[in-house]
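No value in this document is a laboratory result; all are computed from the given coordinates. On a predicted model such as this, the values are computed, not experimentally measured, just so you know. Heads up, the Cβs are rebuilt from the backbone with ideal geometry, glycines too, and the neighbour counts pull from every protein chain shown.
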Amino acid sequence: MSFFNKHIYIIPEVDRFFYLHVDALINKAGIAPESFCAIFITDDKNKTVNGYPGVEYINSQLVDFSELQSAKTITSLSLNSFNSAFIAELINFNESVVDKFYIFITDDEVDRWDRIYQEFGSLKAISDLHISNDDLFVLSKAYKFIGLEIIFKNTIERVLGRQVEFINSGCIFDILLCKDHNHIKNNIIFDKNKKEKRIWFHTKNIIGGSNDIKKLVDAYISFAKAFDNNIHFVVFVNNIKTFLYINIAILYLKKVKKLPVKIDILNHTDQYSYMQQLATCDFLILQPRGGASTARSLIKIGRGMVCTLEGTKNNFGFEKGYKVPVIKGDSYLSLAQQAKDEKFDITASALILAKKEQESLSRYKELYK
């Protein structure tokens, strides 16, 4: 194996995000696939994976740390107890590697770090939150991060108690490969004058507990009132318990609230079919956090508007991080009333997001030149 002058990514054994991320780097930023190498974390030295075409994938058990020193950059997709032991061992082998080491930040780990910091005043290893001593060691050494500064930098510097460097870049990939996303974008049939509005509530695998079902009922009643019952909700479930909860909610809306309920319940499907369904929707009501890639995909095809509740991480992320107009309100009724008023420009939002993505791609081109 040769890591010389390669851009190394440290990824999970079961991966989807790097596959989409490197697809964007290759097809949007024009970086050659052979520039990259992915080290997948596994306990099985005989494990192999089918990776992105043209990109070399190497089992973490077979990596020679002395050879890895010759890489141009080393990037960890997130940092958690599943990958930090490997990274800690790499840093211990030769600490100078931190000068070329980057952590690609997601809201998941930053949220976990911040929760621990707010409770204890410093970071601590807590297994239930997938924060290990190796995480703490890596964070004590690492100082280069990739993510949107306005969303993450202040929190990370507060948690770590020191200044850090940032590649100010947002997410550059969609929930599909570039070619598949473009195919849907170019072939979607959109009738903006249709009376009935399709509304996707939360994103894949989010709806779960009874609290989310109460939110679904509240949202449906609010949008039904604003649009004179000319609405069609879409929800995605991943277990039988949630399916039963939603059917009880539908029964409640029909029998108690006397509404002509239209709710499509989707379950296991491939990403392409998922995106096809999403592209038929006029609005996506996002949960407080998570699902941002799905929301960006909807905005970028110029098909629908995203709704966020004020004060949530998603509202902050889109308004401050991506500077994309969203429908925001302090309640589902407020969101519904603003959606009904149609004081928004779907095309303008798509253009703003496209421009932001190009800025991020240009920073990746500089990093991976």
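Dipole of the chain computed with +1 at Lys/Arg Cβ and -1 at Asp/Glu Cβ about the Cα centre; of Val55, Thr294, Ser81, farthest Cα towards the positive end is Thr294.
A straight Cα-to-Cα reach below 20 Å connects Lys47 with none of the lysines, residues fewer than 8 places away in its own chain not being considered. Relative to the longest principal axis of the Cα atoms of the chain, the long axis of helix 149-160 makes an angle of roughly 60 degrees.
Please compare each pair in Lys215/Lys300; Lys28/Lys141; Lys215/Lys255; Lys153/Lys365; Lys255/Lys343; Lys225/Lys313 to a cut-off of 23 Å on the Cα-Cα distance and tell me which ones are over it. From the list (Lys215/Lys300; Lys28/Lys141; Lys215/Lys255; Lys153/Lys365; Lys255/Lys343; Lys225/Lys313), the Cα-Cα distance tops 23 Å for Lys215/Lys300; Lys28/Lys141; Lys255/Lys343; Lys225/Lys313.
In plain terms, the chain from Lys214 to Lys343 could stretch by 43.6 nm, reckoned as 0.36 nm per residue minus the Cα-Cα distance. Stokes-Einstein diffusion for the range 14-81 at 25 °C, viscosity 0.890 mPa s, with a Kirkwood radius from C-alpha pairs, works out to 188 µm²/s. Dipole size of the chain about its Cα centre, with +1 on Lys/Arg Cβ and -1 on Asp/Glu Cβ: approximately 1580 debye, rounded to the nearest 20. Net length available on complete extension from Lys320 to Ser293 is 8.1 nm, with 0.36 nm assigned per residue and the Cα-Cα distance removed. Stokes-Einstein, applied to the Kirkwood radius of the range 178-356 over Cα pairs at a viscosity of 0.890 mPa s and 25 °C, places its translational diffusion at 149 µm² s⁻¹. Between Asn46 and Thr155, what is the FRET efficiency for a Förster distance of 35 Å, r being their Cβ-Cβ separation, to the nearest 0.05? Once the sixth-power term is evaluated, E becomes 0.30. Taking 0.36 nm per residue of sequence separation and removing the Cα-Cα distance, the Asn238/Tyr19 pair yields an extension gain of 76.5 nm. Distance between the modelled labels on Gln358 and Glu196, one decimal in nanometres: 3.9 nm (7 Å Cα→Cβ projection). For the chain, the alpha carbon convex hull comes to 141 Å³ per residue, rounded to a whole number. Relative to the longest principal axis of the Cα atoms of the chain, helix 346-367 runs at roughly 0 degrees. By how many degrees, 0 to 90 and rounded to 10, does the Cα axis of helix 17-27 deviate from the longest principal axis of the chain? Between the helix axis and the principal axis of the chain, the angle is about 80 degrees. 3J(HN,Hα) along the range 326-340, derived from phi through the Karplus expression 6.51 cos²θ - 1.76 cosθ + 1.60 where θ = phi - 60°, amounts to 10, 7, 10, x, 8, 7, 5, 5, 4, 4, 5, 5, 6, 4, 5 Hz, with x in place of Gly and Pro. Working note: Karplus 6.51/-1.76/1.60 with θ = phi - 60° gives the range 86-91 the couplings 5, 5, 4, 5, 4, 5 Hz, where Gly and Pro are set to x.
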